[in-house]
Structures are given as structure tokens and as C-alpha cells.
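Notes for the one structure printed next.
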Amino acid sequence: MRLPGYIERLIKFLFHQEVSEEISGDLLEEMEDYQSRNSRFSTHLHLIKTTLLFLRFRYTWHQFNLKNANYMQFNTSLKSAWRNLKKDKSSLTLNAIGLTIGFILSMVIFLVLHRELTFDQWHSKSDRIFRVTHDETISAKSTRHLATVGPPVGPALKQDYSEIENFVRFRYTPTQPVRHDNTSFYENRIFYIDSTLFSVFDYPLAQGNEKSALVDPNSVVITQDIAFKYFGKDDPLGKRLEISGESYTVSGVFAPTPSNTHFDFDIVMPFHAFEVPFGYPVTLNDWGWISFHTYVLLKEDVNATIMEAQLVDFIKTHWPEDRWDAFRFRMQPLADIYLGEVKNDILASGNWTNIYAFGIAGALLLALIIFNYTNLSVARSLTRTKEVGVRKSMGAAKGSIFMQFSFESMILAICCLLISTLLLFPTINFLQQSLGITLNLPTWQEGLKTLLPFAIPFALIIGFVAGLYPGLVMMKVRAVQALTRNLSGGSMSMSVRKVLVTMQFVITIALLSGSIIIYKQIRYMQEKDLGFDQSTLAVLRVPGPTLLEEYDVLKNQLLEIPNVERVSVGGGRMDGDNGSVPVKTPDMEESLPMFVEAVDYGFYKTLGIEMAAGREFSKSFSADSAGAVIVNETAVKTMGYTTNEEALGKEIQVSDIRSGKIIGVVSDYHFTSLHHKIGPLAIVYPRTYLEDVYLKIQPGNLMSMVNSIEAKWQALFPELPFDLIFLENHLNQLYQSDVAFAKLFRLFTIVTILIACLGLYGLISLITTQKIKEISMRKVLGATLQNLISSLFKPFAIYIGIALVLVSPIAYYLLSQWLSNYAYKIDLGWIWFLLAGLVVMVTAFIATLSHLSRIARINPARTLRSD
Amino acid sequence: MKGTQLGEFEEIVLLAVCKLYPDAYGVSVKNEINDTANRSINLSTAHGALNRLEEKGLVGSEFGEATSTRGGKRKKMFTITSIGLKKLREAKELRDGLWSQIPEVVFDLHQS
């Protein structure tokens, strides 16, 4: 008779050989006995149960543990790791603080990068959604990449190609006044969208029916924020909302969706309710009205590249032959839009440069933590040579010594990871509030879900790598030497430490100089002369139709206010919201794209911009409103004229908007953000609605001025929201993301300097402890405090110098890459790298000052007595 | 030292080891207890108790000869040690002492 095979294997697996013989023997007897009285099945069951029950006794565990030497070693390692960590509290604290701060910031960087890189990917069909873009690189001089196409393109694509399951068109509208009862605001994220929005994208409705929400032309679907803004806690469904004076019924409310989408809307109206705006010479069947964001959903298993190639035939079907080679349609995958090259001011777009900058900063930060950690542990392990000596003479293998050190630092890393995970989200909140930036990070549940799969292995690796070097050093220590002499770890460990310290300074200086340059660049952009004085300008928003009728009344009323010097009307807010159209003069071979702007009489006088030649639009020339064009100086050069005067009086054709004579050349001014160079600009007298009234104001009591403007406004237009902005504030907003980036980067820099100082502090404290006898001797022999400090700090000063020389060229290269993204940039001077080096030097000195001052108080009699 | 006092189960196991001498091992102890005390303990319970007693030094053990009946596996034979015997005796004396001091009336209380 034998035991069943699986029971024998189970016993072999679970128990040590010594007990397994006894157990299996007894079990066999038990089985024979039991079998005679029970069925086969219950015998098996009984055997399994009994075998497993053997486990519950301490003696079996004890034997079991004995069998697993690994477990035992794990146990002792854990114990000794804990004791060692506890023993040296100050260096433990330094290490833990450094690691925790580093982890928190790396996680913040990770979350920021993760958000940037996964834009729009939360749509369940995101891999099948493509944006149709218009690519006009083919003709020789005119290069245009547009994110939009004409309104008939979407429907025609669906009709012509069975591969296309559906399409959605988005039409942007300018800022409009929205009102419900007495609540009124201007809203600028209002779109006309096809009702297929719901079937192509993942925009579920929290309230309302997806099938019918966008059917009635008088219905709108709004976000929950808008619902709360206008209706408070009331049920928004069926409520009336007045947009630009027209009444609409709320037919649905969007459920909240992730914020990382390139297309963010507040109010959606049915696409078929869209009407051609006043003064536009086009219809909705116009293939050339390239202003509609169009998305297509491909059927499953359709190859987008093949589909894109077919679009050449599509052009041939719908365009006259002379346009066939003029442009191409591209299919841009949804996930690529945010970071893609086709930019559009209406849409959010990301920036690879900032992603790289953050990535590099994060990598440097991590490297710094590892260096710092390694350095501190090497220094600390030198005080543990005796322990290693004892272990070795007791027969510890090299590998187990090595494992012990790695293990210790892995434990610390995991503990710090836990702490930093707990602190992460409070820290993010604190950062956002204190820096005044929005990181748009996910909630903590989602955040942790994305973080932890990366963070845990990562912490283990960091712990392992940081423990690697001390482990290697200690592994090589000879037991006899360690026990008989006071080892300092040998020259090898010293040189590695020097390299590590230098690397730390390299990283610190790199980040600091980067931070300085980034700060200078942002300041430069905010302070650059734009060609007009933005601090003396205010812009009042008036809806187009109202302005057309009431402008003269409004202007006279405004001019009565003492602080208001001049009033004029412009076509935008100097924030780059200009279209670009082909412009041609008889002297040019072919038309060139130019930005177009519409301004009222006396606009440039109001803004204080000089005319370089000629004059601006004037009421006294009646022909100005129909046949006059002003251009800027860049446009003069683009058109090929050598002087401004030469351009005057020339015929000019500004697309089909206006044709006439150039009556003036305006000095270049920045009509868009400083991210872009001043482009050629053609200025015409308004043909469509304008809504920005510019006020030239005199310094003085601005509060009372705003109050009196508002009072006049309430008297004139009680129905309309009052929206007055100071141009300076508005233009600063254009650099919001740059400022947020700079602030975040500065924070990283401060933290890295802090960590480096912590490391330095720990290192110097160890060195002073180790060298205390040497210092005492020097003191006895008459060294001054100055001598002592310089002998201690000098090596560090040298490392900083070496680091500065090493890092400057690399940092210079990277920063000039970063700056090349800006059209207007500062000069990259070497002086800033020197400054960064100096700051690091001084900070390092301050960080070590407390230890250096301890030297002064050493009583040689006490320290030297023991030998 | 823990376990200076014998537990009830331990006492029974010890008594069984004594009774079965020289043939006390896991299965025989288990069977003895199940038969005489009318309990139903698991084999592993007997093993646990025997090993605990051995740890305390109340029983000693040695492997017996390998026989063909158990698939060639040796038995681990337990014998009581002098300390074990002393403990047993102490426990018995404690009880006997208490028994002898019970007044006769107590037995009269529950005559019927």
C-alpha cells in the first residue's frame, strides 16, 4: 500500500525531510484504517485535510522555516536592516527626506507627462477617429497646414466612401453673450456640432436623450458647470437660455469627461442651426470655406493610410481640374492631434519642448536622488566595517553581504514610496494653490491607478541601484582588516564619492541655470515693447449687432468719463485671433498669405501706434470704407517694395474681402502673442461685425473709472453682460502656460538644490566625524579656523568648479534648443551659468556652515585623549 | 519557562504515551485517545501535542526500525522522560489531594 502520489508530493513540498518520513508513515497507517470504514472519496478528503492540518503547529512551521534558509536570511536581513536604520537616525532622516521629496516630485512629473501624452485617448473609439486636415504644401510659395476643411467635406466623405462610418463637424463661434433671467455672461466655448457627436466620441449625457438632444434647431446641450452657472441647483432640462438674443431650450447636460481633450466646449448647438455670419461672402455648400473642424469615424479594420491615399480621388470628384494638385487632405489620428503640428488657436495644443524639458528635469532629479542616496550610504557604510567584519568571520558569503546592503536600501525606498504616495495629492493641491497654476491632474484614485504599477518596481530599482555601490564596496572588505584596523573604505570608494558629488553639482547647476534662463525668457516676453502701451489700454466687449447700431452713442458717453482719452474699435484683442487670407498686388507673381485685421477710424491713434507712411482710415475720406487698405511694414517687405512710401497708392487685392489702394503703412506691432514673429498684416475697414471697443485711458483712479463705465453701460444696455478688461492682463494670459511651466521648473530646481544640500550636509558631517582627530591635531599645531574651514570646504569648491565646466556646454546647447521655440528670445549669456555656479557654491557653504562652526568649538584635549 | 503546568489534553497524551509503552507513536496515541476518551482528534493534533511535549522535555523520541507495513517508513517512537513522569505524578497528587478533601456531604447533595 502506498499513499496517493499527490499527497506524497504535498508532504515533500510542505515539510522538512525529518518530519516528512514520520508524517507520511503515520498517514499511511491512518489511510489503511480509514479506508476500511469510509468511501474512497472521503478517504482522499480526509488525507488532504490531515496533511494540511499538520501545518498549523509551531513545530512544523519551525521545521519548515529551517528548510528555507532563504526565508531565514530574509528574516535576519530584515531585522538587521531595521536595527541599522534605527541606529543612525540623523542620516536616516536625511536620506528619507531626500528620497520622499524626490519621489513626490517624480510622481508629479510622471502624472503631468502622462496626462500630456494620453490626450483624447479616453474615447473608446479613439483609434478609429481621424481629423480631416487641409494640407497646402504643394504650390511653390503658399504653405498652409489647416486643421479645418470646408463644410460639405464631412457629408460628402460619408456618402462617397463605405469605409467611413460617420462624421462630426465642429463650428467655432466668436464669444457671445448668454443670459438666463438676470444672470448674463460672455461665453467663448460655444460650438455648433453635428448630432453624431454622441456616436463618434464618448460624450455621455447626464441628463437628456442622446438621440434627440441635438435635433431641434432651438436646443442646446450644456456642461454641468454652465448648468450650475446659470440655473444653480435647479433642474436645467427644458429651461430657456438666451444666446446672442435668441432663445434656446436646454435639451441635455453633459456628464463630466476627462479634462485632457484638445476640444473643450461649454455649450453645444445643433450643427444644422448654424447660419452664415453677417457679411461672410460664402454659403454652407462652399467647399473653399475652410473653417470647419471635421472628424471621421472609420469602420473597424479600415487602414487609414490607404483611406488617406483615396482622398486624392475625392478631390478630383469634387473640385475643378485646376485645383487638383493644389492641396491634399490628410487623416490625422485623434491621439496625435494635441501634440501634432497642425496648430489652431481655437484648440488646446501641447508642446513637445515642454514635455522634453519636464522629462529631462525629472530624469535629472531621479539621478540626483540616486547619487545622493548612494553617496550617503557609502559614507555611512564605512562606519559599519566592523559589523561586516564580524559577519564575514562568522562565515557570511560575499553575496549575502551584498544582498544585505541592497535589501536595506530597498526597504527604505519602499517606505519612502509609501510616505510620498500618502503626501502626493495634498502636495499637488498645495502646489496648485501656492504657485497659482492648474495642473489638471486626475483624482487620487485614478492617479494612483496609473502611478503604482510604475512606481513600485521603480522604487525597488532605485533602492537596489543605490545600495549597489555600498554593497560592492563592503563585499570586498577583508574580515581581518575590518576587525583590526579602522578602515576608511579605501581609495576607490573615495574617488567614486568624488565623482558622485561632482555629478550632483552638475545636475544642480544644470537645473539652476535652466531655471534662470527660463525665468528671464518669460520676463522678457511679458515686458517686451509690443509697439503699443498695453498698460494704458482697456477693451470693452460689445456684441457685434449692438455695436453697429449704438457705437456713436456709446463712444460719446465713454468720452465723457475723465480718464477715457480716446475710443476706437478693433477686430480682436491682440491675442492672435486673426485669419489669414491670400493677398495679391499687380507687382506680385502670385498671391501670398497675410493676416487680416479690421479696424475702425482712428484705431492706431487710439493705441498710440505710429504710421510709418501715409495715413490711417478716416471719416473725412468717404472712400476708405470700401476701397482702402493699410498694411504693416512686414507686409511691405513681403510684397517686395523697398520703402514704405513706394507701397503707398498701389493696388491691392485682399482675397475677396476688399480690393483697393494702399493708403497707409503702419509700424510693426505685435498683434499676436510673442510666440510668433510679426507676420505680414493687411488692415481693412470692417465689413463683418466687430466687438472690441478700445479705450485709451489715463492713469488715475481706475476703480472709479470702471464704475462710471459700468454705470453708463447699465443705462445703455441693461440686458447685456458688462465685460471690460485691461489689455495688459489679457495679454499676460497668453503666457499663462509658459508662466506655469517656469514656476514648476523653478520648484524642481529649488528641490534639487535642497536635496543636494541635504546630501552635502550629511557628507560633511561624516567627514568631520571621521577627521575629528586630524582637525584636533591641526588645531593643536596652531591652525586658524580659516585654515580648517578651507581645508574642509576646498575639495567641494573644486568639485563645483569642475561641475560648472562640465555642465555649461551641455546646458547651453539644451537651453538654446528650448529658446529656439520662441520667436523673440533673450541672448544666452555665459554669465548666467557662472551665476548658477556661484549660487550653488554659496548654498553649499551655508548648508555645511553648522558643521564647519563645530570645528571651531572642538576641544583637542577631549578628542585626542582616547588614543 | 512556559507550560510548567500540564494542560488537560497534554495530560491525556502523556498518559497514553505511558500506557502504550513501548509502542507509542502518532497513530497509536491518536487511536488510544479516540477509543478510550471517546474523542475524535485528528492525527495532526496528536502529532502537534507530542512534539510540543517533546519541546518541553516531557517526552523523548527515537526512530524505530523500518518495517514493511508502513511502506518502509520508520515510526517515531515516544517515551516519557523522568520530568514527564514527575509532572504526571504532580498532577495526579494535586487531584488526589483535592479529592480526599471533598466533604462527604457534597456526594450526598446529588445522591439521587
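Given region A:647-733, what strands (runs of 3 or more DSSP E) lie entirely inside it while holding 1 or more residues that are of a type in the set (A, V, I, L, M) and surrounded by fewer than 19 Cβ atoms within 10 Å (Cβ to Cβ)?
A:724-726
If we scan region A:143-160, do we find a residue that is within 30 Å of A:Arg240 (Cα to Cα), touching a strand residue (DSSP E or B) at 6+ places or on another chain (Cβ under 9 Å) and not aliphatic (A, V, I, L, M)?
Yes - at least one qualifying residue is present in region A:143-160.
Just to be sure before I move on: is A:Ile461 exposed (fewer than 14 other Cβ atoms within 10 Å of the Cβ), among the β-branched types (Val, Ile, Thr), at pLDDT 75 or above and over 19 Å from the mean Cα position of the chain (by Cα) in the structure I sent?
Yes, satisfied.
Going through A:Ala844, A:Ala856, A:Ala861 one at a time, which residue ends up being touching a Cys at 6+ places or on another chain (Cβ under 7 Å), farther than 25 Å from A:Asn351 by Cβ and modelled with pLDDT under 85?
A:Ala844
Kindly indicate the residue of region A:41-67 that is among the basic types (Lys, Arg) and under 19 Å from B:Ala46 (Cα atoms) and also modelled with the highest pLDDT among those meeting that condition.
Ranking the qualifying residues of region A:41-67, first place goes to A:Lys49.
Since A:Gly238 meets every condition but one in (1) touching a residue at least 40 places away in the same chain (Cβ under 8 Å); (2) surrounded by fewer than 16 Cβ atoms within 10 Å (Cβ to Cβ); (3) closer than 30 Å to A:Gly544 by Cβ; (4) among the small types (Gly, Ala, Ser), which condition does it not meet?
With respect to (1) touching a residue at least 40 places away in the same chain (Cβ under 8 Å); (2) surrounded by fewer than 16 Cβ atoms within 10 Å (Cβ to Cβ); (3) closer than 30 Å to A:Gly544 by Cβ; (4) among the small types (Gly, Ala, Ser), A:Gly238 is out only on (1).
In region A:788-829, how many are outside any helix (DSSP H, G or I) and in contact with a Phe, Trp or Tyr (Cβ under 8 Å, 6 or more places away or on another chain)? Reasoning before the result, please.
First, the residues of region A:788-829 that are outside any helix (DSSP H, G or I): A:820-829.
Those still in the list that are in contact with a Phe, Trp or Tyr (Cβ under 8 Å, 6 or more places away or on another chain) too: A:824-826, A:828.
Counting residues in region A:788-829 that are outside any helix (DSSP H, G or I) and in contact with a Phe, Trp or Tyr (Cβ under 8 Å, 6 or more places away or on another chain) gives 4.
Would you tally the residues in region A:1-30 being under 19 Å from B:Ser28 (Cβ atoms) and either among the β-branched types (Val, Ile, Thr) or more than 10 Å from chain B (Cβ to nearest Cβ) (or both)?
Total satisfying the criteria: 2.
Conditions first: (1) assigned to a strand (DSSP E or B); (2) of a type outside the set (Ser, Thr, Tyr); (3) at pLDDT below 85. A:Ala140 passes all but one, so which condition is the exception?
(1)
So in region A:440-486, with the set limited to residues that are assigned to a helix (DSSP H, G or I) and of a type in the set (D, E, K, R), which one is farthest from A:Pro256 (Cα to Cα)?
A:Lys476
What is the residue count in region B:58-91 for residues that are among the charged types (D, E, K, R), more than 9 Å from every other protein chain (Cβ to nearest Cβ), under 26 Å from A:Glu21 (Cα atoms) and not in a strand (DSSP E or B)?
1
Specify which of the listed residues (A:Ile414, A:Ile360, A:Ile419, A:Ile355) is surrounded by fewer than 18 Cβ atoms within 10 Å (Cβ to Cβ), assigned to a helix (DSSP H, G or I) and touching a Ser or Thr at 6+ places or on another chain (Cβ under 6 Å).
A:Ile419
Quick one: is A:Lys637 charged (D, E, K, R) and assigned to a loop (DSSP other than H, G, I, E, B)?
no
Answer yes if at least one residue in region A:780-794 is surrounded by 14 or more Cβ atoms within 10 Å (Cβ to Cβ) and free of Cβ contacts under 8 Å to residues at least 12 places away in the same chain, and no otherwise.
Yes: region A:780-794 contains one or more residues that are surrounded by 14 or more Cβ atoms within 10 Å (Cβ to Cβ) and free of Cβ contacts under 8 Å to residues at least 12 places away in the same chain.
Take the conditions part of a helix (DSSP H, G or I), out of contact with any Ser or Thr (no Cβ under 7 Å at 6 or more places or on another chain) and away from chain A (no Cβ under 14 Å) and apply them to B:Ile102. Does it pass?
no
Taking the options A:Leu716, A:Leu744, name whichever one is touching a Leu at 6+ places or on another chain (Cβ under 9 Å) and closer than 24 Å to A:Phe603 by Cβ.
Matching residue, one of A:Leu716, A:Leu744: A:Leu716.
Within region B:18-41, how many residues turn out to be at the interface with chain A (Cβ under 9 Å from one of its Cβ atoms), more than 17 Å from B:Glu54 (Cβ to Cβ) and crowded, with 19+ Cβ neighbours inside 10 Å?
Of the residues in that region, 0 qualify.
Restricting to region A:830-867, and then to whatever is part of a helix (DSSP H, G or I) and hydroxyl-bearing (Ser, Thr, Tyr), can you tell me which residue is nearest to A:Lys677 (Cα to Cα)?
Step one: of region A:830-867, the residues part of a helix (DSSP H, G or I) are A:831-856, A:860-865.
Still in the running and hydroxyl-bearing (Ser, Thr, Tyr): A:843, A:848, A:850, A:853, A:863.
On the way: A:Thr843: 40, A:Thr848: 48, A:Ser850: 52, A:Ser853: 55, A:Thr863: 69 Å.
For region A:830-867, the residue satisfying everything is A:Thr843.
Collect the residues in region A:387-398 that are within 50 Å of the chain's Cα centre (by Cα) and surrounded by fewer than 13 Cβ atoms within 10 Å (Cβ to Cβ), keeping them in residue-number order.
Within region A:387-398, just A:Ala397 meets the criteria.
Can you say whether A:Asn70 is more than 14 Å from chain B (Cβ to nearest Cβ), modelled with pLDDT of 65 or more and over 19 Å from B:Arg74 (Cα atoms), as far as the supplied structure shows?
no
Under 7 Å between Cβ atoms, which residue pairs at least 6 apart in sequence (or on different chains) link something in region A:117-134 that is touching a residue at least 60 places away in the same chain (Cβ under 8 Å) with a partner that is among the β-branched types (Val, Ile, Thr) and in a loop (DSSP other than H, G, I, E, B)?
Taking only residues 6 or more apart or on different chains, the pairs are A:Phe119/A:Thr261; A:Asp120/A:Thr261; A:Thr133/A:Val342; A:His134/A:Thr148; A:His134/A:Ile290.
Go through region A:149-265 and tell me which strands (runs of 3 or more DSSP E), entirely inside it, have 2 or more residues that are polar (S, T, N, Q).
Ranges flagged: A:183-187, A:246-254.
Here are the criteria: (1) over 44 Å from the mean Cα position of the chain (by Cα); (2) in contact (Cβ under 8 Å) with a residue 40 or more places away in the chain. Tell me which single one A:Glu589 does not satisfy.
The one condition A:Glu589 does not meet is (2).
Just need a number here: residues in region B:1-17 that are among the hydrophobic types (A, V, I, L, M, F, W, C), assigned to a helix (DSSP H, G or I) and either more than 14 Å from every other protein chain (Cβ to nearest Cβ) or under 13 Å from B:Phe78 (Cα atoms) (or both).
Matching residues across region B:1-17 total 6.
Where residues in region A:203-227 are closer than 30 Å to A:His114 by Cα and surrounded by fewer than 17 Cβ atoms within 10 Å (Cβ to Cβ), which of them is nearest to the chain's Cα centre (by Cα)?
So, considering only residues that are closer than 30 Å to A:His114 by Cα and surrounded by fewer than 17 Cβ atoms within 10 Å (Cβ to Cβ), the one nearest to the chain's Cα centre (by Cα) is A:Asp225.
Give the residues of region B:89-105 that are out of contact with any Asp or Glu (no Cβ under 7 Å at 6 or more places or on another chain) and surrounded by 10 or more Cβ atoms within 10 Å (Cβ to Cβ), sorted by residue number.
Passing the criteria: B:Arg89, B:Glu90, B:Lys92, B:Glu93, B:Leu94, B:Arg95, B:Asp96.
Has region B:42-54 got at least one residue that is surrounded by fewer than 18 Cβ atoms within 10 Å (Cβ to Cβ), more than 10 Å from chain A (Cβ to nearest Cβ) and not in a helix (DSSP H, G or I)?
Let us first name the residues in region B:42-54 that are surrounded by fewer than 18 Cβ atoms within 10 Å (Cβ to Cβ), namely B:42, B:54.
Now narrow it down to the ones that are more than 10 Å from chain A (Cβ to nearest Cβ): none.
Checking region B:42-54: not a single residue is surrounded by fewer than 18 Cβ atoms within 10 Å (Cβ to Cβ), more than 10 Å from chain A (Cβ to nearest Cβ) and not in a helix (DSSP H, G or I).
Touching a residue at least 12 places away in the same chain (Cβ under 8 Å), surrounded by fewer than 19 Cβ atoms within 10 Å (Cβ to Cβ) and either closer than 30 Å to A:Leu674 by Cβ or of a type in the set (A, V, I, L, M, F, W, C) (or both), is that true of A:Leu815?
Against the criterion (touching a residue at least 12 places away in the same chain (Cβ under 8 Å), surrounded by fewer than 19 Cβ atoms within 10 Å (Cβ to Cβ) and either closer than 30 Å to A:Leu674 by Cβ or of a type in the set (A, V, I, L, M, F, W, C) (or both)), A:Leu815 does not qualify.
The values are calculated or read from the model by the stated rules, or taken from the named source; none is laboratory data. Bear in mind that the values here come from a model prediction, so they are computed numbers and not experimental data. Glycine gets a Cβ as well: all are built from the backbone with ideal geometry, and neighbour counts include every protein chain shown.
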